[in-house]
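The values are calculated or read from the model by the stated rules, or taken from the named source; none is laboratory data. None of the values given here were measured: they were computed from a predicted structure. Using ideal geometry, Cβ is built from the backbone for each residue, glycine included, and neighbour counts are taken over all protein chains shown.
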Number of protein chains: 2
Amino acid sequence: MFARLTVTMRVPLTRCLLGSLRGQPGQARALFTLQDHSKKPSSVPLTKESFKQLRRGDFAEATPDDLSKLKELVKGRIETDKDDLLKHNCDWMRTLRGSSPCVVFPKTTEEVSAVLKYCSSRRLAVVPQGANTSLVGGSVPVFDEVIISTKELDDIIDIDADGGTLSCEAGCSLKTLEKKARKKHLFFPVDLYIREAQIGGVVAADMAGPRTARYGNLHGNVLGLEVVLPDGTVLNSMSNMRKDNTGFDLKQMFVGSEGSLGIITKVSMACPPRPKFINVAMVYTESFDHVLEIMRLAKEQLGEIMSACEFMDNDAVMSVKQKHLTMWGVPSKPYYVLIETAGHCDMHDEEKLKFLFNLLKDKELIMDGQIGPLNYDDPTFVERLWNINGRILTALSSTGNVYHYDVSMPHSKQYPLVQKLRQEAGSDITKVASFGHLLDGNLHIALQSESFSADTLDRLDQLITENVTAAGGAVSAELGCGFKSRNLGAHCKDPVEMKLMRDVKKMLDPQGIMNPYKVFPDSQ
Amino acid sequence: MFARLTVTMRVPLTRCLLGSLRGQPGQARALFTLQDHSKKPSSVPLTKESFKQLRRGDFAEATPDDLSKLKELVKGRIETDKDDLLKHNCDWMRTLRGSSPCVVFPKTTEEVSAVLKYCSSRRLAVVPQGANTSLVGGSVPVFDEVIISTKELDDIIDIDADGGTLSCEAGCSLKTLEKKARKKHLFFPVDLYIREAQIGGVVAADMAGPRTARYGNLHGNVLGLEVVLPDGTVLNSMSNMRKDNTGFDLKQMFVGSEGSLGIITKVSMACPPRPKFINVAMVYTESFDHVLEIMRLAKEQLGEIMSACEFMDNDAVMSVKQKHLTMWGVPSKPYYVLIETAGHCDMHDEEKLKFLFNLLKDKELIMDGQIGPLNYDDPTFVERLWNINGRILTALSSTGNVYHYDVSMPHSKQYPLVQKLRQEAGSDITKVASFGHLLDGNLHIALQSESFSADTLDRLDQLITENVTAAGGAVSAELGCGFKSRNLGAHCKDPVEMKLMRDVKKMLDPQGIMNPYKVFPDSQ
Ligand SMILES: Cc1cc2nc3c(=O)[nH]c(=O)nc-3n(C[C@H](O)[C@H](O)[C@H](O)COP(=O)(O)OP(=O)(O)OC[C@H]3O[C@@H](n4cnc5c(N)ncnc54)[C@H](O)[C@@H]3O)c2cc1C
Ligand SMILES: Cc1cc2nc3c(=O)[nH]c(=O)nc-3n(C[C@H](O)[C@H](O)[C@H](O)COP(=O)(O)OP(=O)(O)OC[C@H]3O[C@@H](n4cnc5c(N)ncnc54)[C@H](O)[C@@H]3O)c2cc1C
């Protein structure tokens, strides 16, 4: 018999996808390698030094006069102190460091508009910054761009419980929004990996996670945006309506634009009713074919209540500290599948999950798993199982250097690629661990070596880009291009699409002052 | 006790939102009035005659030489016979008639590209046409535009059951796609009102329905598009990946662009697992406040299995033929709510719906309703209940002239507007009937009069536009602007947004040959 689980969506909160490790920064084509978030920003080399081949754009340099003008425009909310600026100049992974002379904190759309108008008239380059948790270096200056933080734009505008919509300013954190939505029995449909991430940054980065397949992506869920264009013009595309077909849906251009087309100042989101009960099961199996068969049966049996289906291989799980595995009762098995349900009736959900578990056993698809009263009695069971998944990268990076890739691929081609990498990645790669969000074909591959080598990185970049592209996949599934993967797009995108991207950029930002050196490849 | 329902998603097939009626065509600001689909196209006045103030754009006229050149480019697949052309020149509602000299039927992307390249070089205006079911006159020529039909682009490219994706050419009908998806246990996430609609037209029109809240909108579900731009360039934005963040998501520009930016030739869609069981309940209640409370409780109790929640008022339901109402056991009640569930376990779904029904009774929110063994024994019960909803407009239009509006509004303001219209719509309005898709705040208002009057239409347009806009709603929820509502956008949209729309149009279609006289207001 199952004990009732009333844990309500606290699951992702403790999930941390990335952790600390040794390594060196600064590869132009790096998808990314993991660095040490706890490292002092001041110890990070300046990006302009690491990337000597990169040329500063034809922008003005901010003069003392500019700084006092900007200060005026944001009513004193400006930071110019070198030390205090460090955390804004340096990225979350501590691999990049810009040299911006200031960060401004506008509190209203009008102030954002005034700042951009001024910067535009002076041809000063700018970089929009939310919580600065970008993993691709999108949110930090490369040279001396003026940083525009949305931190002070933190008002909730409206929550319509009946309509299932929430509108707010861009600087509201996911943590706040989740809390506000929860109070109205709504679910804020963005995975809460990193609670401080701000909705403006989240929308600009088109953030996604394991539950995207269930709750939909941001292109579907964003109902309205207010955006300040590079010249300071305010584009009001706000709406709380779930259906509006009066004209082109222009706000879509800004979802995933990574700060290179304008500054998002307001967001309106569709929020579904909040599920009341979360259940989870971890099962062990012998082959990747079985993993896929488990996913199929889980979809068939759980249907609309399934909220995540995560796969991990032995190398991934066994990298987690043994004491944790023992404590949580996780043995060494070839493959693991973590299944999460989120529904409105605990009895029904448990019955479905239990039925699935027995079915998988009857069909001899699983060796065993964690489901049932023994573990369900523990109220933090759900969180602990997710913890394993969330600890993989941190664990791997604590014992070596990690090259991490986040790709999308058809399921049948995923594990063959992992196997191929085990054969062809080169002798310095000691471990190839993989795990993924099965519901949307999103695979994480972490290749461990003793130390970092630029040659290895280049080889891996090429090997993975070639194989993923040939399989019709995407080389950046979730994280975007930003600065680190800016040269990647051109390898994978149709040239016509690249040209159109440049046309859109030129139309909205003719001077190119918005977040330069990002998204677009260097040669363009 | 409930009998088991195994009806699988046949529900929307017979649903027909609009029907025949008397009336006159041709109001520039008309949202739309209902006309007679069974009317002979040849009896419909030419659009250029009905809209005398409209000026033909500065385009070339197709010469016999052009026609033979086009014929060559599409390997003979061209229609130039005046009679056979009629159904392509005339819209579904029989209100508009263009004077195109030809419709071409390209069979490959290359042919579409060759046709557009040619038309572009000759400055010939074109109109893309799918199944020509647009209700806003988007798919027919206004003057003598060349019609490019996607009918022959009808190949399925790939269905990935594991990934939950389907890719196909733009001319595939919803009926075909639904069938193909069903075979792989997938659900094609577009409401099947009008089975012949083609996926290219559906995406171009950003079609939506009562189940959009459950299955997501097209901006979220379209994963990839191939589009031929007005100059013949092929933009390949196809992808079967649910996650791809390498660069801007440009394909979004074409979702809802109503044929004015390019011709969609291929589409890739995310498809969820197909629900196995459909249940439905119809309940009767005393006030609109109760309607909303029923919706709230339904969301709370049914959660993820709810697939539609439709409201109808007495004027709407009582317009349906009495013999049907009697046959289906539907009494005269102030308000009706139709609740549909789609799930993976019949027992669980029925239990939830039954629990809700009893809860509504206990709380004295409903007077009665249709749920339980008596009606559930009838296998077509589901379809019949939907039929009532679907027959309202047809019924109303068979006994008078109907002015029909399709708006989005916050729930609390919906019925007050209907009441206001009853007071202020004028003495020639004999009935104001309303019904809507509660889950996304989409309200249909049908105002009946004895005969059509342009003055009344103008007055209603203004009354509704003002009230809906003031409430933060959208005056065109589902149907787009096309030709009929082209002057509407400017009334409701931010001028900056209108300018940006024009900039996007100019960027992609500098000569303006793509579907002219549509989407944009006349003065622009
Ligand atoms: C531990 C960890 C785990 C993560 N896991 C995931 C994951 O699973 N999936 C995922 O998708 N991401 C993940 N991320 C990346 C990151 O959290 C997301 O990209 C998030 O959306 C960034 O939000 P932010 O407020 O920090 O934005 P920032 O990092 O400040 O900015 C992100 C980008 O958007 C731009 N930007 C910021 N605000 C605005 C604005 N208002 N208007 C316009 N542009 C703006 C910036 O210039 C930058 O290009 C993870 C990050 C960390 C540290
Ligand atoms: C009875 C009835 C009920 C309806 N109910 C609804 C409803 O509830 N919700 C709703 O949203 N719509 C509804 N519609 C409207 C219509 O069915 C939809 O808009 C549908 O998407 C149109 O598909 P189609 O293939 O007929 O496209 P068409 O009518 O041929 O074209 C629609 C628009 O898209 C353009 N277009 C067509 N194909 C392409 C292409 N390949 N590339 C670029 N542009 C293209 C056309 O130029 C036109 O502007 C209804 C229509 C009818 C007749």
Residue match in the stretch A:239-246 (condition: within 16 Å of ligand 1 (Cβ to nearest atom) and in a loop (DSSP other than H, G, I, E, B)): no
Candidates B:Asn221, B:Asn217, filtered to the one that is touching a Lys or Arg at 6+ places or on another chain (Cβ under 9 Å), buried (at least 24 other Cβ atoms within 10 Å of the Cβ), at the interface with chain A (Cβ under 8 Å from one of its Cβ atoms) and modelled with pLDDT of 95 or more: B:Asn217
Pick from the stretch A:332-377, criterion within 14 Å of chain B (Cβ to nearest Cβ) and surrounded by fewer than 20 Cβ atoms within 10 Å (Cβ to Cβ), ranking: modelled with the lowest pLDDT: A:Asp346
Number of the condition not met by A:Leu166 [criteria: (1) more than 12 Å from ligand 1 (Cβ to nearest atom); (2) assigned to a helix (DSSP H, G or I); (3) not small (Gly, Ala, Ser)]: (2)
In the stretch A:202-222, the residues that are within 15 Å of the chain's Cα centre (by Cα) and among the hydrophobic types (A, V, I, L, M, F, W, C): A:Val202, A:Val203, A:Ala204, A:Ala205, A:Met207, A:Ala208, A:Ala213, A:Leu218
Count - residues of the stretch A:417-446 that are farther than 30 Å from A:Gly216 by Cβ and either within 14 Å of chain B (Cβ to nearest Cβ) or out of contact with any Gly (no Cβ under 9 Å at 6 or more places or on another chain) (or both): 12
Where a residue in the stretch A:232-248 is at the interface with another protein chain (Cβ under 7 Å from one of its Cβ atoms) and its partner, wherever it lies, is in a loop (DSSP other than H, G, I, E, B) and among the hydroxyl-bearing types (Ser, Thr, Tyr), with Cβ under 9 Å and at least six apart: A:Lys243/B:Ser476; A:Asp244/B:Ser476; A:Asn245/B:Ser476; A:Thr246/B:Ser476; A:Thr246/B:Ser485; A:Gly247/B:Ser476; A:Phe248/B:Ser257; A:Phe248/B:Ser260
Single residue of A:Val280, A:Val267, A:Val228 found to be more than 20 Å from the chain's Cα centre (by Cα), more than 9 Å from chain B (Cβ to nearest Cβ) and within 26 Å of B:His491 (Cα to Cα): A:Val228
Enumeration of residues in the stretch A:192-205 that are crowded, with 24+ Cβ neighbours inside 10 Å and either in a helix (DSSP H, G or I) or of a type in the set (D, E, K, R) (or both): A:Ile199, A:Gly200, A:Gly201, A:Val202, A:Val203, A:Ala204
B:Lys179 being free of Cβ contacts under 8 Å to residues at least 24 places away in the same chain and either more than 9 Å from ligand 2 (Cβ to nearest atom) or among the hydrophobic types (A, V, I, L, M, F, W, C) (or both): yes
Scan of the stretch B:89-128 for residues that are of a type in the set (Ser, Thr, Tyr) and closer than 17 Å to B:Gly259 by Cα, ordered by number: B:Ser100, B:Thr109, B:Ser113, B:Ser120
Pairs with Cβ under 8 Å, 6+ apart, first in the stretch A:196-224 and touching a residue at least 40 places away in the same chain (Cβ under 8 Å), second of a type in the set (Phe, Trp, Tyr) and surrounded by fewer than 24 Cβ atoms within 10 Å (Cβ to Cβ): A:Gly209/A:Tyr193; A:Tyr215/A:Phe187; A:Asn221/A:Tyr215
Residue ranges of helices (runs of 4 or more DSSP H) in the stretch B:423-524 with at least 2 members among the acidic types (Asp, Glu) and more than 21 Å from the chain's Cα centre (by Cα): B:454-470, B:495-508
Residue within the stretch A:247-255 that is buried (at least 24 other Cβ atoms within 10 Å of the Cβ) and either within 11 Å of ligand 1 (Cβ to nearest atom) or part of a strand (DSSP E or B) (or both) present: yes
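For (1) among the charged types (D, E, K, R); (2) more than 28 Å from B:Ser237 (Cβ to Cβ); (3) crowded, with 19+ Cβ neighbours inside 10 Å, each residue gets a yes or a no:
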site	(1), (2), (3)
A:Thr430	no, yes, no
A:Asn442	no, no, yes
A:Glu450	yes, yes, no
A:Lys493	yes, no, yes
A:Met501	no, no, yes
A:Lys505	yes, no, yes
Top-ranked residue in the stretch B:256-291 [being polar (S, T, N, Q) and assigned to a strand (DSSP E or B); ranked as modelled with the lowest pLDDT]: B:Asn279
Conditions (1) surrounded by 20 or more Cβ atoms within 10 Å (Cβ to Cβ); (2) within 14 Å of chain A (Cβ to nearest Cβ); (3) not hydrophobic (A, V, I, L, M, F, W, C); number of the one not met by B:Pro128: (2)
Boolean, B:Tyr415 is assigned to a helix (DSSP H, G or I), within 30 Å of A:Leu186 (Cβ to Cβ) and among the hydroxyl-bearing types (Ser, Thr, Tyr): yes
So A:Ile294, is it more than 9 Å from every other protein chain (Cβ to nearest Cβ) and in a strand (DSSP E or B): no
Hits in the stretch B:410-435 (condition: farther than 16 Å from B:Val320 by Cα, in contact (Cβ under 8 Å) with a residue 60 or more places away in the chain and touching a Leu at 6+ places or on another chain (Cβ under 6 Å)): B:His411, B:Gln414
Search result, residues across the stretch A:453-512 that are of a type in the set (Lys, Arg) and away from ligand 1 (no atom under 16 Å from the Cβ): A:Arg459, A:Lys493, A:Lys499, A:Arg502, A:Lys506
Members of the stretch A:297-314 that are more than 9 Å from chain B (Cβ to nearest Cβ) and surrounded by fewer than 20 Cβ atoms within 10 Å (Cβ to Cβ): A:Leu297, A:Asn314
Top-ranked residue of the stretch B:61-98 - restricted to ones that are of a type in the set (Asp, Glu) and exposed (fewer than 15 other Cβ atoms within 10 Å of the Cβ), ranked as farthest from B:Glu110 (Cα to Cα): B:Asp83
Checklist (1) away from ligand 1 (no atom under 16 Å from the Cβ); (2) within 14 Å of another protein chain (Cβ to nearest Cβ) applied to B:Glu196, failing item: (2)
Tabulated pairs, the stretch B:75-93, first within 15 Å of ligand 2 (Cβ to nearest atom), second in a loop (DSSP other than H, G, I, E, B) and small (Gly, Ala, Ser), C-beta under 6 angstrom, 6+ apart or interchain: B:Asn89/B:Gly98; B:Asn89/B:Ser100; B:Asp91/B:Gly137
